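Everything on this sheet refers to the single structure shown next.
Laboratory data are not the source of any read-out in this text; all were calculated from the coordinates shown. As the structure is a prediction and not an experimental result, all values here were calculated from the model. Positions of Cβ are generated from backbone atoms using ideal geometry, with glycine treated the same way; all protein chains shown enter the neighbour counts.
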Amino acid sequence: SRFERVRRRCERVFKGRFPRVAMGEANNISFDISGDDVVEVRASPAMEAAKNLEAYKAAGAALAGKKDWKGALDEYEKAVVAYDACKETLSCDFEAERIGEKVMLASLSNQSLCSLKLENFEEAKRLASLCVKRLKEARVIDESAVAKCLFRKGQASLGLGDARGAVDFLAEAVRLEE
């Protein structure tokens, strides 16, 4: 069935972190409105995928909190890659799609921060640019997040010795925040 194909695809992406829902467990059985027919209720693969994306992001945040920028960068990368791999699955559920997109965008932005902290300014600028592009394509455009990415892009430009470019990006970030 389509449900099983989606579940197998997510299992490959999340490498065993995708919980199985046992058939016929008491907590997975519900009754329809008339009370006559038993209807099986399963966990949404889309919501499970969104929870796994959030787990990658949380792991990255925990490592960033310990100032393990390389480890955090890797965890945020996992969230972005997993989002791209499970985009079709997430699209089956509006709430899961919204959560997934939000996690992916935050992870991209945080990857840029980690690259700045590691003084990899070219990568930080590339990631900030990609984040700005994806933020502008998002269902809901968060101008504050765009401004944050532009600020990071400005920091990366300054780190690369491009003071004029840095001023331009910072000015655009300030304009968005006004």
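Numerical summary
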{"item": "Relative packing of 106-114, 167-175, 69-77, 132-140, which averages over residues the other C-beta atoms within 10 Å, highest first", "result": "106-114, 69-77, 167-175, 132-140"}
{"item": "Shape parameters for the range 72-166, alpha-carbon atoms, Rg then Dmax in Å", "result": "13.7, 45"}
{"item": "Cα point-scatterer Debye curve for the range 131-178, base-10 log of I(q)/I(0) at q = 0.17, 0.27, 0.29, 0.32 Å⁻¹", "result": "-0.45, -0.90, -0.97, -1.07"}
{"item": "Part-to-part distance (alpha-carbon centres) for the range 113-131 and the range 134-178, which is given in Å", "result": "12 Å"}
